[in-house]
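The values are calculated or read from the model by the stated rules, or taken from the named source; none is laboratory data. Bear in mind that the values here come from a model prediction, so they are computed numbers and not experimental data. As a convention, Cβ positions derive from the backbone with ideal geometry for all residues, glycine included, and neighbour counts pool all protein chains shown. Keep in mind that these areas ignore ligands, DNA and RNA; they rest on the heavy atoms of the full protein, side chains included. Shrake-Rupley method; radii C 1.70, N 1.55, O 1.52, S 1.80 Å.
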Amino acid sequence: LRLKNERSKATEMRRLEKQLTVMLGQRQEHQELADAFERKEAARLHNLESRVLATAEQRIDAQIRHIEKTMKQETMYKQRQEEEHQRRVAREQEALRILGENRERRKEKIMIQTEIAKVKAETQELSRKQRLRSEEYSKELILQRLERDEARIKEEKERKKILELERHKIWCEQQVDRLVLAQLAENFDKSGKLEMPNAASKGIEDLIRVQGVPMAEEDLNEEAMLIDNGEQGVGQVGKGKYAYFKVFVTEAKMVKFELKATLGHATMYIGNGHLPKPTKSDYTWSKGVKCSIFHVDQSFNLGYMYVAVLGAGPSNSFALTVTWEDVESPNVTQVSKTSAMTPDIPDEKKILAKCKEQIDKMKEDKLADKSPEFKARFNSSFSAH
């Protein structure tokens, strides 16, 4: 009986050991699953935070560009209104001066006629000569005034053209500076060192290529119709005749030309800044009615490009559309190394709240160097965001 009891106890002990081993294995597996869940949840929340911050930065940059463009247009409109007011005042003063001169001349003429009436025969020849001299003097005054007006108009056109070129040059330099600073910031966030952008980067490669493209700032075909980005140039042309258009391209990666014939048939021929009047036998690019020109093309240039539309039918009507894409600064991606997992994992609401704080701080930093008027316009336009 004692041996039997000992065998029973040994059997019971082995059963308990197996059951304890199974329970320990299940508990370890459960702990591993819980740790894996915590790591996946932390990674998901980290990715969520990165995406929210990147999206917010892009939105804020777009809003700032919109406000800058709006304020620039308003400033230019006010300047044009002021110039128009000054010209109107100058014209009124000129009209008053001419009216005074006419009144003086009329008084002088009346006096002469009175004298002539008093001394009829004796002063008739003298009065005739006086009238002739008066007419010659008036003609000379009118001719001199016309010459002064033409010189003033020409000088004003030249001054406006120089100012427009200077403004465009300053804008181009600012665009290049913003691109370089964005790339430097990206390299600093990645490596922690302030280094020049790597030439192998796609964003800086596009920047270098755009900076290397020549600029054709001189308009060699003033008779051509100017088309802006996204606008349509509508015209008519006879058989074998050319209709000329031009565009002024700022910083761009690709320029698209599209010709649609509404009546008859027409073909376009494109010239760069050195070919102001392209023809069927002398052109830089031509693909019929659609043509896309990339900035890597050796003949590509910024500034003026010219388009010649050749009519093939007896009567041809067409619409020419030109669009181009501006060079945008590369997106700055945030790269962070995975650290040791902590047991306290924040939930999604905390992550979104943290992102909101960072977005507000980002907005304040970007608006720090702006004027109060710009900040007020920005807040009134995008307060709902």
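Quick one: which residue in Val22, Val52 is β-branched (Val, Ile, Thr) and either open to solvent by 80 Å² or more (accessible area, probe 1.4 Å) or at pLDDT 90 or above (or both)?
Val22
Considering only residues of the range 105-138 that are in a helix (DSSP H, G or I) and of a type in the set (Val, Ile, Thr), which is modelled with the lowest pLDDT?
By that ranking, first place goes to Ile116.
Quick check: anything in the range 32-40 touching a residue at least 24 places away in the same chain (Cβ under 8 Å), open to solvent by less than 100 Å² (accessible area, probe 1.4 Å) and in a helix (DSSP H, G or I)?
yes
Report, ordered by the first and then the second residue, all pairs with beta carbons closer than 9 Å, sequence separation of six or more or different chains, a first member in the range 96-112 that is more than 14 Å from Arg131 (Cβ to Cβ), and a second member that is hydroxyl-bearing (Ser, Thr, Tyr) and assigned to a helix (DSSP H, G or I).
Within 9 Å, the pairs are Glu101/Ser138.
Restricting the search to the range 1-19, which residues are among the hydrophobic types (A, V, I, L, M, F, W, C) and open to solvent by 100 Å² or more (accessible area, probe 1.4 Å)?
Leu1, Leu3, Met13
Output the qualifying pairs, or none if there are none: Cβ atoms under 7 angstrom, residues six or more apart or on different chains, first residue in the range 354-378 and farther than 26 Å from Ser50 by Cα, second residue surrounded by 13 or more Cβ atoms within 10 Å (Cβ to Cβ) and modelled with pLDDT under 80.
Lys375/Leu367
Would you please list the contacts, defined by Cβ atoms under 7 Å and residues six or more apart or on different chains, that run from a residue in the range 57-69 that is touching a residue at least 40 places away in the same chain (Cβ under 8 Å) and under 14 Å from Glu364 (Cβ atoms) to a residue that is of a type in the set (D, E, K, R) and crowded, with 17+ Cβ neighbours inside 10 Å?
Ile60/Lys363
Give me the pairs: first residue in the range 250-272 and under 14 Å from Gly233 (Cβ atoms), second residue of a type outside the set (A, V, I, L, M, F, W, C) and surrounded by 21 or more Cβ atoms within 10 Å (Cβ to Cβ), beta-carbon distance under 6 Å, and six or more apart or on different chains, which are they?
Pairs that qualify, where the first residue is under 14 Å from Gly233 (Cβ atoms) and the partner is of a type outside the set (A, V, I, L, M, F, W, C) and surrounded by 21 or more Cβ atoms within 10 Å (Cβ to Cβ), are Ala266/Gly311; Ala266/Asn316.
Check the range 97-104 and report whether any residue there is at pLDDT below 90, among the aliphatic types (A, V, I, L, M) and either open to solvent by 60 Å² or more (accessible area, probe 1.4 Å) or more than 25 Å from Arg148 (Cα to Cα) (or both).
Checked against the condition, which is being at pLDDT below 90, among the aliphatic types (A, V, I, L, M) and either open to solvent by 60 Å² or more (accessible area, probe 1.4 Å) or more than 25 Å from Arg148 (Cα to Cα) (or both), the range 97-104 yields no hits at all.
Would you please name the residue that is most open to solvent (accessible area, probe 1.4 Å), looking only at residues in the range 237-258 that are of a type outside the set (A, V, I, L, M, F, W, C) and more than 21 Å from the chain's Cα centre (by Cα)?
Ranking the candidates gives Lys239 first.
Being of a type in the set (S, T, N, Q), free of Cβ contacts under 8 Å to residues at least 12 places away in the same chain and either open to solvent by less than 100 Å² (accessible area, probe 1.4 Å) or within 30 Å of Glu218 (Cα to Cα) (or both) is true for just one of Gln79, Gln93, Gln124, Gln130. Which residue is that?
One residue alone meets the criteria, Gln79.
Restricting attention to strands (runs of 3 or more DSSP E) lying wholly within the range 172-290, give those where 2 or more residues are of a type in the set (S, T, N, Q) and at pLDDT 85 or above.
Output list reads 232-238.
Output the residue which, of all residues in the range 297-327 that are part of a loop (DSSP other than H, G, I, E, B) and closer than 26 Å to Arg167 by Cβ, is most open to solvent (accessible area, probe 1.4 Å).
Looking at residues that are part of a loop (DSSP other than H, G, I, E, B) and closer than 26 Å to Arg167 by Cβ, I get Asp326.
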